[in-house]
Structures are given as C-alpha cells and as structure tokens.
Amino acid sequence: MDHNAPIAARWRYYVDRPFQNHMLLRFALVVAMVVAIALLGLWLVHENSAVLLPEGEGALFALNEEAAADGSPQMCVLPGGEELPAIRPGRSYNAFQLYWRPMAAVSVATLIAVLAFAFFYSHSVAGPMISIKRSLRRIIDSGEAEPIRIRKGDKFQELVELLNELIEKRVK
C-alpha cells in the first residue's frame with residue numbers, strides 16, 4: 001500500500017461530498033432565512049409607513065410640491081422641518097427603495113463567506129470521519145490495524161486518540 005496516497009488525498013477539501021453538501025445547504029438555508037426576514041421587515045416598514053409617519057411623507061422625507069410650482073428647485077422636507085435640495089427632482093424615496101439593493105448585495109457577500117466557512121469547517125469534520133471509516137473497514141476486512149492519523153486542527157481529536165488506544169491494545 002502506498003503510504004503517500006492518503007496524505008496526498010488530505011489536501012483535497014471536498015472529501016465526503018454528501019456530508020459536506022448537506023452541511024453547506026444547511027448553512028445556506030440559515031443565511032437565506034435571515035435575509036428573507038430582514039427583507040420582509042424592510043418591506044413591512046415600507047407598506048406600513050403611512051401608520052408610522054405623518055400624512056404624505058415618505059420614510060425619509062417629503063417633497064415640497066409648492067416650491068416646484070413657482071420654478072424654484074424642488075426641496076425635500078425632512079421630518080424635523082428642515083428643507084434640502086432634492087437629489088433627484090420629481091421622485092421621493094422610501095427606506096425599501098433605498099436599502100433593498102445594498103441589503104441584497106451584503107446578503108450575497110455574507111452567503112459566500114458563510115459557505116466558504118462551512119466548506120472548510122465541514123472538511124475538518126469529514127476528513128477525520130473518512131479516516132476513521134477507512135481504518136475500521138481495514139480492520140473488519142483484513143484484520144490489519146494501523147493508527148488513525150488526522151491533522152492537528154481537525155475535529156474528533158479525542159475520539160481518534162481513544163480509537164488509536166483501542167487499536168494499540170486490542171487489535172494489534
């Protein structure tokens with residue numbers, strides 16, 4: 001048996017596809033639920049802004065229609081009464097219109113980061129599971145027992161130590 005083959009295979013991060021796919025899907029679903037709840041909350045604020053704000057005002061400001069009628073620049077009236085020139089005359093914005101795109105962009109970036117984390121985390125779990133299964137299969141099939149080797153940062157360190165102790169005392 002080539003002793004370099006298991007070590008070379010350990011550099012692959014996608015070692016147990018069903019397990020790792022399942023873990024990635026679960027992490028992605030959590031992120032998707034958080035995004036859906038945040039967008040739903042933002043949409044509810046948009047739909048119920050009439051209840052939250054005085055009559056005729058948007059979530060951020062109201063347009064002063066009288067100023068536009070006499071030819072002067074259109075002004076935005078802030079909730080405190082202060083007036084500022086309109087950023088885009090003729091259109092008022094609300095919180096949903098302003099924030100859904102940045103929120104979607106941040107959500108996509110978060111999803112990518114969480115999936116990368118889940119992928120590498122699942123590797124630290126799947127790698128030791130593969131090594132344990134391979135060692136147990138070898139013991140069952142041929143009776144040969146070799147110590148189980150896993151990387152320093154992998155999960156199940158104590159379990160592997162106990163299994164190696166068992167192999168050393170009972171199987172060899």
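The values are calculated or read from the model by the stated rules, or taken from the named source; none is laboratory data. Keep in mind that this is a model prediction, so the values were computed, not measured. Cβ: placed from backbone, ideal geometry, glycine included. Neighbour counts: every protein chain shown. Ligands, DNA and RNA are stripped out before the accessible areas are found, and what is left, the full protein with its side chains, is counted by its heavy atoms. Shrake-Rupley method; radii C 1.70, N 1.55, O 1.52, S 1.80 Å.
Points worth noting:
- Gained length - E165 relative to S142, 0.36 nm times residue gap less alpha-carbon distance: 6.4 nm
- Nearest-10 value in Å² for the accessible area of Y13, using the 1.4 Å probe: 90 Å²
- In this structure, L25 and V106 have a Cβ-Cβ separation that, at R0 = 22 Å, corresponds to a calculated FRET efficiency of about 0.55.
- Distant-in-sequence amide contacts of Q74, defined by a placed amide H-H separation under 5 Å and a gap of 5 or more residues or a different chain, comprise A86.
- Area of D141 that stays accessible when all protein chains are in place (1.4 Å probe, Å², to 10): 110 Å²
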